[in-house]
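Remarks on the structure that follows.
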Amino acid sequence: MMATRVVSGPDGVAAAVALLRAGEPVALPTETVYGLGAAALDPLACAKVFEAKARPLDDPLIVHLPDATWLDRLTMVGELPRALARAFWPGPLTLVLPAQPVVPAIVTAGQRTVAVRMSAHPVFREVAEEFGQPIAAPSANRFGRISPTMAAHVVTELGGRIPLVLDGGSCAHGIESTIVQVCDDTLRILRHGPVTREELARFGSLAARDGGPAAPGGMASHYAPRTPLDILPAGSEPTGRAGEGLLAWTRGGEGFDRTEILSPTGDLREAAARLFGAMRRLDEAGLDRIVAESVPDTGLGAAIMERLRKAAAR
Ligand code: TXA
Ligand code: MG
């Protein structure tokens, strides 16, 4: 076990950059969730990310670009991805595009495509600019578990396995970026996220079906608490019993030992930002079952429901 340091401020940024240069992985804040970053063009550094997360090597990594000029260096881009990058970067949109040969196979898991995005988090941007190289960063959790939205969550997940966590506060969005595969003028949503289906539809036609074999993280079970979680059908009243916890949408229900309310005012943004923290607290409460209410399936609600369905799959 190595000691995991939690740092912040300018010294923290400098320590993170020094480790990235030395080929070591470091946990970094992004506007979506915390990422476990490593030098993307250094296969050995990327291997340490897979090792720390216990992530299977067939699950490719997202590459975070220091600036948009890297788009042409790492991918083969047409007009549509360029327009999407102009509209949403820096921000929570990941584009899956044909990869240039310079991208290591460990990053793409041997596929012809690479996933790229540019983070908007000011601390991440400082690190990326100072490092000056692309950073491969999956979410900073053990494989298959709940993504971390605070530095303390990263320590719970990866403490003793990584040298450094750069603390940049709570993540604004709280759920992972939207992933879109661009094929000619069609967009296929591989993972729902903060950039919504409605926003994307303005840029091209959306594939009839979301997901697909190209998304290994598209496997059924993911973001999973250890406690069994079941989704309550939309419209039914939540009633619980001893040993059960409720992940509620706007208000509590009868009979639950513990309740976490996602948004008292019914705000999907707030609900997304609170989702993983609330799930983690319920998971740590020693319950034998978590009941999750459905949220409206429009806008950001699609991303929240996708996370709940994956947490419920077992
Ligand atoms: O918001 C985010 O995207 C966060 C922060 C840290 O940037 N990152 C993140 O990474 O969620 P990760 O590894 O937990 O999820 C990335 C997903 C995985 O399900 C992976 O299979 C998929 O992206 N992916 C990566 N490269 C891909 C590719 N070339 N084709 C299809 N899917 C890809
Ligand atoms: Mg993840």
Any hit, the range 54-62, residues being within 17 Å of the chain's Cα centre (by Cα) and acidic (D, E): yes
Flag if I146 is within 16 Å of ligand 2 (Cβ to nearest atom), of a type in the set (A, V, I, L, M, F, W, C) and over 22 Å from A15 (Cβ atoms): yes
Checklist (1) open to solvent by 30 Å² or more (accessible area, probe 1.4 Å); (2) part of a strand (DSSP E or B); (3) not polar (S, T, N, Q) applied to I106, failing item: (2)
Subset of the range 130-142 (residues that are open to solvent by 20 Å² or more (accessible area, probe 1.4 Å) and near ligand 1 (Cβ under 9 Å from one of its atoms)): S139
The listed residue being more than 10 Å from ligand 1 (Cβ to nearest atom), within 21 Å of the chain's Cα centre (by Cα) and outside any helix (DSSP H, G or I), out of P90, P101: P90
Verdict on R307 being open to solvent by 10 Å² or more (accessible area, probe 1.4 Å), in contact (Cβ under 8 Å) with a residue 60 or more places away in the chain and within 16 Å of the chain's Cα centre (by Cα): no
Checking L36 against (1) buried (at least 24 other Cβ atoms within 10 Å of the Cβ); (2) more than 15 Å from ligand 1 (Cβ to nearest atom), the condition it does not meet: (2)
Residue satisfying all of: in the range 1-32; open to solvent by 10 Å² or more (accessible area, probe 1.4 Å) and assigned to a loop (DSSP other than H, G, I, E, B); nearest to ligand 2 (Cβ to nearest atom) among these: E31
Any hit, the range 31-49, residues being touching a His at 6+ places or on another chain (Cβ under 9 Å), hydroxyl-bearing (S, T, Y) and within 24 Å of A172 (Cβ to Cβ): yes
Check on T75, within 23 Å of V180 (Cβ to Cβ), within 13 Å of ligand 1 (Cβ to nearest atom), surrounded by 21 or more Cβ atoms within 10 Å (Cβ to Cβ) and β-branched (V, I, T): yes
Where L282 falls short, out of the listed (1) assigned to a helix (DSSP H, G or I); (2) closer than 30 Å to L200 by Cα: (2)
Residue, nearest to P163 (Cα to Cα), within the range 51-72, restricted to residues that are part of a helix (DSSP H, G or I) and open to solvent by 30 Å² or more (accessible area, probe 1.4 Å): E51
Inter-residue pairs, beta-carbon under 7 Å, first without any contact (Cβ under 8 Å) to a residue 40 or more places away in the chain and in the range 167-190, second open to solvent by less than 20 Å² (accessible area, probe 1.4 Å) and assigned to a strand (DSSP E or B), 6+ apart: R188/V180; I189/T178; I189/V180
Flag if A172 is away from ligand 2 (no atom under 16 Å from the Cβ), of a type in the set (G, A, S), open to solvent by 10 Å² or more (accessible area, probe 1.4 Å) and under 24 Å from L65 (Cβ atoms): yes
Boolean, G169 is more than 14 Å from the chain's Cα centre (by Cα), assigned to a loop (DSSP other than H, G, I, E, B) and over 18 Å from L20 (Cβ atoms): yes
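The values are calculated or read from the model by the stated rules, or taken from the named source; none is laboratory data. What you see is a predicted model; the values in this text were computed from it and never measured. Quick reminder, even Gly has a Cβ in these numbers, built from the backbone with ideal geometry, and neighbours come from all protein chains shown. To get the accessible areas, we keep the full protein, side chains included, count just its heavy atoms, and leave off ligands, DNA and RNA. Shrake-Rupley method; radii C 1.70, N 1.55, O 1.52, S 1.80 Å.
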